[in-house]
Amino acid sequence: MIAKNTSKALWGLCTWAGAMSDYHKQSKIVKPKLHMLEVKTVALQEAQSKLAEAKGQLDEVNAVKAELRARYDGEVAKKKALADQAYKT
């Protein structure tokens with residue numbers, strides 16, 4: 001308040017110095033959090049790429065499973081047809 005009454009330039013300089021002090025204090029809090037965010041973002045990207053790879057493998061396994069299920073159903077139908085034919089004879 002004394003600086004404001006004495007000189008506007010001095011008041012502006014004091015305001016600026018206070019703002020820089022506040023910025024410095026806040027940056028001590030924010031910088032580690034920003035660094036952790038970058039680290040976690042990289043970890044998330046790696047996890048997402050592993051997930052995509054695992055989903056691809058799962059799709060391949062499901063395709064093989066579907067093919068085997070179709071073959072099984074076909075063989076069971078053949079067996080039933082042969083059993084029916086054997087019963088008729």
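Looking only at residues of region 30-41 that are of a type in the set (Lys, Arg) and surrounded by 10 or more Cβ atoms within 10 Å (Cβ to Cβ), we find that the one that is modelled with the highest pLDDT is Lys40.
Residue by residue, here is whether (1) modelled with pLDDT under 95; (2) of a type outside the set (Asp, Glu); (3) more than 25 Å from the chain's Cα centre (by Cα) holds:
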site	(1), (2), (3)
Ser7	yes, yes, yes
Lys28	yes, yes, yes
Ala43	no, yes, no
Ser49	no, yes, no
Leu58	no, yes, no
Ala70	no, yes, yes
Lys88	yes, yes, yes
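The values are calculated or read from the model by the stated rules, or taken from the named source; none is laboratory data. None of the values given here were measured: they were computed from a predicted structure. Here the Cβ is made from the backbone with ideal geometry for all residues, glycine too, and neighbour counts use every protein chain on show.
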